[in-house]
Amino acid sequence: MRVAVAHGDLGPWDGSSRYIADVAALFAEHGHEVSLICRGCTRELSAGLVPRHPEELAADERFDLLYGSDLELLAVLQPRAERFFYAPLDVLASSPERERWALQQCDRIFRFTSASVDILERTYGMELHAKSVISVYVSRAFEDLAEPHWSRPTPPELLWVGRLIDTKNVAFLIRAVALLQSPSWRLVLVGDGPERPALEKQVEDGGLAERVQFVGHALESSPYFKSASLFLTASTSEHYSLTLMEAAAHGVPCIGLAPDGSEVFNACDEQILDGFSGFLVSDEEQMARCIDRLLNDESAREAMARRTWQRKMDEFTAAHFWGELQSAFSKVLRGAAES
C-alpha cells in the first residue's frame, strides 16, 4: 500500500512530531511504501524514512492512503489519495473553514479520546462519532522501558514537561506549589518557550527560586521521569497529553486540571482515573492538597504509581494503536467494495 503521512514541520522536541514520525515508521515496518511529506524536518527519523517536501512529488504520483493533520498540506495532497484519514493534533484547528472541509472529506477521523470528538461535533454541528476511530497513541519510546524503580529520591520531585506556552498553564502550577504545606519538595520544569521569562519572574517574585528549577530543552526526558515522585499538568487546550502517558510508562502518578467544557479543554478525565492513577483538580488549592496528601504518605503514592504503570501496560500500547489503524483501513476498503 502506498501511504502518504503528512505533517507541516517535524521538529526535534514536540510530541506531535514524535507521533507523526512513529505512525510513518509503523506503516513502513509493516511493509507499506511510505512517503513522509513535510515542509521541513529537524528530528532524527527511523532508518529508511526520508522526509520529502511536497514540491518533490511527481505530477502523476498517487497514494492509497493519506494520513495527517496539517490542513494546508492535506488540501494539496487529498486529490492524490484514494482514502484520507484526518488526524487532528489540536483541540480545534486555527482555520475552522479548512477543518470543516477535512471533517467532511475524510474517510476516518483519528482521535485519542471521546471528549475530543465531542468537541468537534459541538463546534461544527456535525455527527462525527460514526466515522471516528478513538485510540490512544503511545510513543514507541515508551514501549521497551523496564519496570520502574518504585522508590524515588529525596527531596521529592514534582515534574512538568512540555513547551512553555500560554495554553500549558504553567503559572497555575507555580501558584499551586506555592501553597504546599510539605516542608520538602522541588518543582522541575523541563522545556522552553516564550512564557519562560514571565514564569521565571513569577517564581522569583513568589520567593520560590530555590524550589523551582527551569531545565530548558532536554534531549531525553526519561531521566526526569525516573526521579519524579509526581507529574503535574494544567493544560487548558489539549485533546491528549503525551507527557501523561510518558509519566504512566515510568510509574509516576499524575495530578491534572480537570476539563470543564467552557475554559478548560483537555483529556485529563480520560487519561487520569481520579483517585486510582492520580487526581483531577479544579483549582490551585485542590492541587496543593492532593500533592501534600501524596508527599506525606509514601505508601499511598507508591501504590498509586504501581496502578498507573499497570494501567498503561494493560490498556495503552503501540501495538493496540496500530491494530486500530489497520482495522480502520480494512473497514474503509470493505465499505468501498460493497458499495
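Whether any residue in the stretch 251-269 is over 20 Å from Arg175 (Cα atoms), assigned to a helix (DSSP H, G or I) and either among the hydroxyl-bearing types (Ser, Thr, Tyr) or touching a Gly at 6+ places or on another chain (Cβ under 7 Å) (or both) is what I want to check. No, every residue in the stretch 251-269 fails to be over 20 Å from Arg175 (Cα atoms), assigned to a helix (DSSP H, G or I) and either among the hydroxyl-bearing types (Ser, Thr, Tyr) or touching a Gly at 6+ places or on another chain (Cβ under 7 Å) (or both). Do you know which of the residues in the stretch 1-23 that are part of a loop (DSSP other than H, G, I, E, B) and touching an Asp or Glu at 6+ places or on another chain (Cβ under 6 Å) is surrounded by the fewest Cβ atoms within 10 Å (Cβ to Cβ)? For the stretch 1-23, the residue satisfying everything is Met1.
The residues on offer are Ala288, Ala300, Ala248, Ala228, and the sole one that is within 26 Å of Leu26 (Cα to Cα) and among the small types (Gly, Ala, Ser) is Ala248. Applying the criterion of being acidic (Asp, Glu) and surrounded by 14 or more Cβ atoms within 10 Å (Cβ to Cβ) to the residues of the stretch 189-237, the residue that is nearest to His250 (Cα to Cα) is Asp192. Screening Gln213 against (1) over 19 Å from Pro153 (Cβ atoms); (2) in a strand (DSSP E or B); (3) not hydrophobic (A, V, I, L, M, F, W, C) leaves a single unmet condition, (1). Selection of the stretch 136-158 for residues being of a type in the set (A, V, I, L, M), buried (at least 21 other Cβ atoms within 10 Å of the Cβ) and in contact with a helix residue (DSSP H, G or I) (Cβ under 6 Å, 6 or more places away or on another chain) yields only Val138.
Which of the residues spanning the stretch 24-40 are touching a strand residue (DSSP E or B) at 6+ places or on another chain (Cβ under 6 Å) and either in contact (Cβ under 8 Å) with a residue 60 or more places away in the chain or assigned to a loop (DSSP other than H, G, I, E, B) (or both)? Answer for the stretch 24-40, where residues must be touching a strand residue (DSSP E or B) at 6+ places or on another chain (Cβ under 6 Å) and either in contact (Cβ under 8 Å) with a residue 60 or more places away in the chain or assigned to a loop (DSSP other than H, G, I, E, B) (or both): His32, Cys38, Arg39.
No value in this document is a laboratory result; all are computed from the given coordinates. Note that this is a predicted model, so its numbers are computed, not measured. Don't worry about glycine lacking a Cβ; one is built from the backbone with ideal geometry, like all the others, and counts go over all protein chains shown.
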